[in-house]
């Protein structure tokens with residue numbers, strides 16, 4: 001099974017999102033995802049672990065069994081260029097829909113936990129910015145963004161840190177003349 005197929009399954013995607021920046025046991029996962037039957041949850045945790053997308057960060061004895069504590073590997077769960085090679089348009093659309101669904105779910109959770117959201121205090125923002133760049137300028141911008149983000153992406157979870165999602169979408173605008181060529 002490809003990494004794309006692993007990540008795109010709705011239950012596995014929710015597990016990855018729940019474990020992003022968290023360390024949880026299957027029991028704790030089950031409490032956070034009560035609509036997922038325990039047997040299904042264990043099966044998907046196992047599949048993600050075997051694929052290297054989840055890591056065991058601790059083990060502890062509980063009533064004669066060993067309970068494992070899992071976390072998501074943030075570097076492994078990102079699809080790279082090689083993962084995307086050979087995908088059909090429908091597969092790319094499924095990936096984009098899954099990405100957008102995750103963003104919508106995260107924003108909905110934010111709104112549900114805040115009766116009066118304060119975007120400025122909470123650091124919430126979303127916007128669409130048009131950029132007029134040639135290919136070389138676009139590459140320079142992407143490299144500058146990556147360089148600026150790396151020190152922050154590498155920060156480990158800590159009690160004084162709040163997990164935040166930073167999402168980007170970059171795509172060319174289809175001009176009227178480009179559409180007539182299709």
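Can you pull out the residues in region 31-51 that are assigned to a loop (DSSP other than H, G, I, E, B), surrounded by 12 or more Cβ atoms within 10 Å (Cβ to Cβ) and under 21 Å from the mean Cα position of the chain (by Cα)?
Step one: list which residues in region 31-51 are assigned to a loop (DSSP other than H, G, I, E, B), which gives 33-37, 51.
Next, from what is left, pick out any that are surrounded by 12 or more Cβ atoms within 10 Å (Cβ to Cβ): 33, 36-37, 51.
Within region 31-51, 33, 36, 51 meet the criteria.
Of all residues in region 11-28, exactly one satisfies the criterion of being touching a strand residue (DSSP E or B) at 6+ places or on another chain (Cβ under 8 Å) and free of Cβ contacts under 8 Å to residues at least 24 places away in the same chain, namely 18. Can you confirm whether residue 4 is touching a residue at least 60 places away in the same chain (Cβ under 8 Å) and either crowded, with 18+ Cβ neighbours inside 10 Å or within 23 Å of residue 92 (Cα to Cα) (or both)? Considered against the rule, which asks whether it is touching a residue at least 60 places away in the same chain (Cβ under 8 Å) and either crowded, with 18+ Cβ neighbours inside 10 Å or within 23 Å of residue 92 (Cα to Cα) (or both), residue 4 comes out as yes. Cβ separations smaller than 6 Å between residues 6+ apart or across chains give no pair from region 135-159 residues that are touching a residue at least 40 places away in the same chain (Cβ under 8 Å) to residues that are surrounded by 10 or more Cβ atoms within 10 Å (Cβ to Cβ) and assigned to a helix (DSSP H, G or I). Taking region 86-174 and the helices (runs of 4 or more DSSP H) fully enclosed by it, the elements with 3 or more residues that are at pLDDT 85 or above and within 27 Å of residue 73 (Cα to Cα) are at 89-113, 135-153.
So is residue 130 closer than 22 Å to residue 81 by Cα and either surrounded by fewer than 11 Cβ atoms within 10 Å (Cβ to Cβ) or within 17 Å of the chain's Cα centre (by Cα) (or both) or not? Against the criterion (closer than 22 Å to residue 81 by Cα and either surrounded by fewer than 11 Cβ atoms within 10 Å (Cβ to Cβ) or within 17 Å of the chain's Cα centre (by Cα) (or both)), residue 130 does not qualify.
The values are calculated or read from the model by the stated rules, or taken from the named source; none is laboratory data. Keep in mind it's a predicted model, so treat the numbers as computed, not measured. All Cβ positions, even for glycine, are placed from backbone atoms using ideal geometry, and neighbour counts span all protein chains on display.
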